[in-house]
Amino acid sequence: MLKSSFYNVLIPIEEKNEFLLYNILHGGLEVLPAYEGGILQEVMDKESFETSETSLPKEMVDYLAAKQYLVEADHDERKFFRGIYQTGRDDLFDLDHASLTITIGTTITCNMGCPYCFEFIKPNKTLKDPKVMDEMIWYLQQLVDKAPVKKWVNFSVAWYGGEPLINNKLIRDFSPRLIAFAEKNNIASYDAQIITNGILLDGKAWEILLDAQVNHVQVTLDGSKETHNVYRPLKSGGENYERILRNLAIKPKEITMTIRVNTDQKVADNFDQFFDDLREYGIWPQQYETVAIDSSVLRTYEENDEEDTSGRLDATGYQRVHKEFKFLKMRRYNEYAKENGLRPGKIGWDMPTIQQECSTWVNPYHIVFDPEGNVHKCWETIHDDEQKVKHCSEGYEMTDFKHYMDYDRHDFSQECLDCKFLPVCDGYTCSFEVYRHEDKPPCTMWKANLDNILKDQYITMIDHPDIMANPVANEVLSGGHANK
């Protein structure tokens, strides 16, 4: 006896007289003739069936079963997924080898007054006290000594804020101690990144970052000057957008950079000008090998009470402008590629990915320090002393993080537990947001839009194979806080 996978989604493509068959759990995507898709649609409504009860050819039944679109009738797929999920969680703090990751808030202070920023309360805290730095190193040494890890393979540092470059002295002076800590403890590799608004990222700052072995920078530009200077105003006034572009234009080739575009409709309306500006300043596509650009939804925080959120987009609206962004970016790149004898590119598919929880939250070897040396488990709480775990001077104990390690997306809403989109639900990936929404985060945009997104990309691929690539599996990437 067989049954259709609980995670199957069957999408009619009337324009091509076909169906797309997609499986949320294993990511498989098949194209079926309308006749076979119609028969499978009938099968999907049955609790179980014998092969002889369907008009599907045996070869097709065998193929779909081999690809897990059809499974044994007694197979508990949700239990199976929970096993996969738990294995992924266990791998976060593998006893044989693990990575140590820390985020350091150099300061809570910021030189921008973004009305949408999550830092609703911005206390004037900056990490300058040598005693606190000593205590951080001591805390990390305790972590390494007490953790049941045989080999540490990587030590990764993220510089954060506020605007971390306001306190670039800390990055310059504390990095050698962190690098020495890695060497002392035979940690195989060290890397660092910084999340910055770019306004202070001048030549001197780039030199500091190079010396500090920072190999990646994330900078946010909210579209062109027209929107950026409104959404990300400098508190002191003065030149903003152009100053950032000049800074990005002198990025050393040794450092990679992601430009994050917080996007609403107003930002989207100026995409063309934004790409014009990047090219004019020699940032992109000229530096395409080390500079990545992507859009991100511009979030609205209820706590902020913003005066104007008229441009904000729901999931469907954002998906529309994200598509526009991708097509425009590829068109701009291909124009540059043609001019310079480079191979043209194609647009990749947006597809759901199996989600693992935020490792900063669930992994006991991921630590966030605020400027006073308080230990946190989320970047978004470093301004709030009430949400600290403890002070680093109190020492490391893995039991301090039991509450965070025990986080499991299966333990919350029954509605979500019964939903086929649970494996790919990014709403549960941010533990902080789950608790903010009283254990039931907003549904993933895939739940409402998967059919339309896959159908649109498939038709584009068929009609314009020079523009759209074949689908491939995505990786789950954590990009930090979307609005930063």
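The values are calculated or read from the model by the stated rules, or taken from the named source; none is laboratory data. Everything numeric here is computed off the predicted structure, so don't read it as measured data. Note that we place each Cβ from the backbone using ideal geometry, even for glycine, and neighbour counts take in every protein chain shown. Note: accessible area is taken over every heavy atom of the protein model, side chains too, but ligands, DNA and RNA are not part of it. Shrake-Rupley method; radii C 1.70, N 1.55, O 1.52, S 1.80 Å.
Checked against (1) modelled with pLDDT of 95 or more; (2) open to solvent by 20 Å² or more (accessible area, probe 1.4 Å), Tyr396 passes all but condition (2). For beta carbons closer than 8 Å, sequence separation of 6+ or different chains, a first residue in region 450-462 that is under 16 Å from Lys346 (Cβ atoms) and a second that is of a type in the set (Gly, Ala, Ser), the qualifying pairs are Met461/Ala469. Take Glu380 and decide whether it is in a helix (DSSP H, G or I), of a type in the set (D, E, K, R), out of contact with any Gly (no Cβ under 8 Å at 6 or more places or on another chain) and under 30 Å from Ala448 (Cα atoms). Spelling it out, Glu380 is indeed in a helix (DSSP H, G or I), of a type in the set (D, E, K, R), out of contact with any Gly (no Cβ under 8 Å at 6 or more places or on another chain) and under 30 Å from Ala448 (Cα atoms). Which ranges mark the strands (runs of 3 or more DSSP E) fully within region 212-297 that have 2 or more residues being touching a helix residue (DSSP H, G or I) at 6+ places or on another chain (Cβ under 8 Å) and closer than 24 Å to Arg312 by Cβ? Passing ranges, in order: 256-263, 291-297. Filtering region 83-118 to residues that are in contact with a helix residue (DSSP H, G or I) (Cβ under 6 Å, 6 or more places away or on another chain) and open to solvent by 30 Å² or more (accessible area, probe 1.4 Å) leaves Leu92, Thr109. Looking only at residues of region 293-314 that are within 29 Å of Met461 (Cβ to Cβ) and buried (at least 16 other Cβ atoms within 10 Å of the Cβ), we find that the one that is modelled with the lowest pLDDT is Leu298. Scanning region 63-77 for residues that are among the charged types (D, E, K, R) and either exposed (fewer than 13 other Cβ atoms within 10 Å of the Cβ) or touching a Pro at 6+ places or on another chain (Cβ under 9 Å) (or both) returns Glu72, Asp74, Asp76.
Condition check ((1) free of Cβ contacts under 8 Å to residues at least 24 places away in the same chain; (2) crowded, with 17+ Cβ neighbours inside 10 Å; (3) under 24 Å from Thr353 (Cβ atoms)) across all residues:
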residue: Ile11; (1), (2), (3): no, yes, yes
residue: Leu21; (1), (2), (3): no, yes, yes
residue: Ile24; (1), (2), (3): no, yes, yes
residue: Ala34; (1), (2), (3): yes, no, no
residue: Asp45; (1), (2), (3): yes, no, no
residue: Thr51; (1), (2), (3): no, no, no
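The listed residues are Asn270, Asn247, Asn186, and the only one of them that is surrounded by 19 or more Cβ atoms within 10 Å (Cβ to Cβ), out of contact with any strand residue (DSSP E or B) (no Cβ under 6 Å at 6 or more places or on another chain) and either within 30 Å of Asn154 (Cβ to Cβ) or in contact (Cβ under 8 Å) with a residue 24 or more places away in the chain (or both) turns out to be Asn247.
The residue pairs whose first member lies in region 80-95 and is free of Cβ contacts under 8 Å to residues at least 60 places away in the same chain, whose second member is open to solvent by less than 80 Å² (accessible area, probe 1.4 Å) and polar (S, T, N, Q), and whose beta carbons are closer than 9 Å, counting only pairs six or more residues apart or on different chains, are Asp91/Gln356.
Take Ser359 and tell me if it is under 27 Å from Lys125 (Cβ atoms), under 23 Å from the mean Cα position of the chain (by Cα) and in contact (Cβ under 8 Å) with a residue 40 or more places away in the chain. So Ser359 passes the test.
Condition check ((1) modelled with pLDDT under 95; (2) assigned to a strand (DSSP E or B); (3) open to solvent by 10 Å² or more (accessible area, probe 1.4 Å); (4) touching an Asp or Glu at 6+ places or on another chain (Cβ under 7 Å)) across all residues:
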{"position": "Pro123", "(1), (2), (3), (4)": "yes, no, yes, no"}
{"position": "Met133", "(1), (2), (3), (4)": "no, no, yes, no"}
{"position": "Gln142", "(1), (2), (3), (4)": "no, no, yes, no"}
{"position": "Ser156", "(1), (2), (3), (4)": "no, yes, yes, yes"}
{"position": "Ile199", "(1), (2), (3), (4)": "no, no, no, no"}
{"position": "Ala205", "(1), (2), (3), (4)": "no, no, no, no"}
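A single member of Pro364, Pro352, Pro371 is touching a strand residue (DSSP E or B) at 6+ places or on another chain (Cβ under 8 Å) and open to solvent by less than 20 Å² (accessible area, probe 1.4 Å), and it is Pro371.
For region 158-197, a tally of residues being of a type outside the set (A, V, I, L, M), assigned to a loop (DSSP other than H, G, I, E, B) and either under 18 Å from Leu100 (Cα atoms) or modelled with pLDDT of 95 or more (or both) returns 5.
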